Amino acid sequence: MVREKKIVIVGAGLVGSLLGVMLGKRGYEVDLFERRSDERNRGVASGRSINLALSSRGIKALQDAGLYEKVKPLLIPMCGRMLHQQDGSMQFSPYGQREHEVIYSVPRGELNNLMVNEAVVAEPVHVHFDQKCAGIDFENRVAKFESTVDGSTTERSFDLVIGADGAGSRVRRDLIAATGGESTSEFLEHDYKELEIPAGVDGAYQIEKEALHIWPRGGFMLIALPNLDGSFTVTLFLHKEGEPSFQSLDSVDAVKAFFETHFPSAIPLMPELEQDYANNPTGILGTVRCSPWHHTDCGLILGDASHAIVPFHGQGMNSGFEDCSELLRLLNEYDEDWAAVLPEFSALRKPNADAIADMAIENHTTMQKSVIDPKFHLKKAIGFELEKRFPETFIPRYSLVMFHNLPYAEAKRQGVVQEEILNQLVDGVDELASIDFDLAERLVKAKLT
């Protein structure tokens, strides 16, 4: 059955494509407009593709859409962080303590191509490439597009327009203008640049395959995520200005000296370091917050368009996919009444989006600084032990975010309490054997039950 409501989705990235498939399967006629050309038969461009980390929330959404089995061949499990110290030594830090508590590295380009292909073949979904959004007229319910090929313009009437057009969303701009809302963009002092560790002899992985590799150096870091072809996508996160910074690495000699000083163990793994550094662009890192996310019953923004976050908790894609799952849950609950669904969706998702944005920024500090501190590892060990003793009450915040579907805001709230407990337990203590677990039990029961 084809429903009468005409829906326009702006943006055929990961979230827009997934939502198009989901709505198409519910019988909605969907026009999906994408600024980029159809890239399914092209090679995936390098330079701005921080590998994605798929975890529980994203997996659930893919399962809801019936796509998870198709995505599984693209996934590489990562069981924890491999920390590369300045002296060349390595330390493995598991993400969780159960077999299923892993996250999955997935290449952005290949995943996006799969999702677009699913949208293209879905009925009644129509995908239009090379179409840049030129504006949304909410009063008359008309979306305007401009061809990126010849400059011609197209207008498409809608009953509902959904902006999934990323951090620089045109739909968000016009929705905020129409509602008198507000939108902010906050940028980190760090930028990023993509590099590569190629596959070794016969396509072998040069370093541990099933780990997220981090070279933490206090104020900056290098990370590497595995790819299916034996290579690793490497990302350098570094200050924009100052010393050291992207600004100060202004020559081949400066780049070589920087890596020799701070990442000597990575140099033998990266034979094309200087070329990759010179050829790949530098990207920015920012957080978008806005309100409202909807306009009456005719407009909605989700994914990065409403809540772009920095990548340090691996939840950008997962939170966007969860948006799609939650939207469908509300459609079931309200029997397809979009006038009731849209404000409820905004009210439920906005606090959770703000919470994961905050936690992603906090995890930036964790990845580049805290993982060097022995106290961090002691508190993590205590957290694992408390989880064993109180499995229904104390689940570490990282696990709540990555391996459970508890609302982000609640995970953040519990994390604050957990940190208070852990700080009290490690005061004056340097090893797990010296922890007062009788005190721990009293604290957990008093604060978390």
Residue that is nearest to Q85 (Cα to Cα), among those in the range 239-275 that are in contact with a strand residue (DSSP E or B) (Cβ under 6 Å, 6 or more places away or on another chain) and of a type in the set (S, T, N, Q): S265
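Tally the residues that are in a loop (DSSP other than H, G, I, E, B) and over 27 Å from L236 (Cβ atoms), restricting the search to the range 84-127.
9
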Residue count for the range 90-110, restricted to those that are modelled with pLDDT under 95 and crowded, with 20+ Cβ neighbours inside 10 Å: 1
Helices (runs of 4 or more DSSP H) completely within the range 250-363 that count 2 or more residues being without any contact (Cβ under 8 Å) to a residue 24 or more places away in the chain and buried (at least 16 other Cβ atoms within 10 Å of the Cβ): 252-262, 316-333
Qualifying positions in the range 225-246 - surrounded by 13 or more Cβ atoms within 10 Å (Cβ to Cβ) and more than 22 Å from K369 (Cα to Cα): P226, N227, L228, G230, S231, F232
The one condition in (1) under 28 Å from the mean Cα position of the chain (by Cα); (2) within 30 Å of M22 (Cα to Cα); (3) not small (G, A, S) that D337 fails to fulfil: (1)
Unmet criterion (only one of (1) of a type outside the set (G, A, S); (2) farther than 19 Å from S93 by Cα; (3) touching a residue at least 60 places away in the same chain (Cβ under 8 Å); (4) surrounded by 14 or more Cβ atoms within 10 Å (Cβ to Cβ)) for I214: (2)
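The values are calculated or read from the model by the stated rules, or taken from the named source; none is laboratory data. Owing to the predicted nature of the structure, the values given are computational and were not obtained by experimental measurement. Note that we place each Cβ from the backbone using ideal geometry, even for glycine, and neighbour counts take in every protein chain shown.
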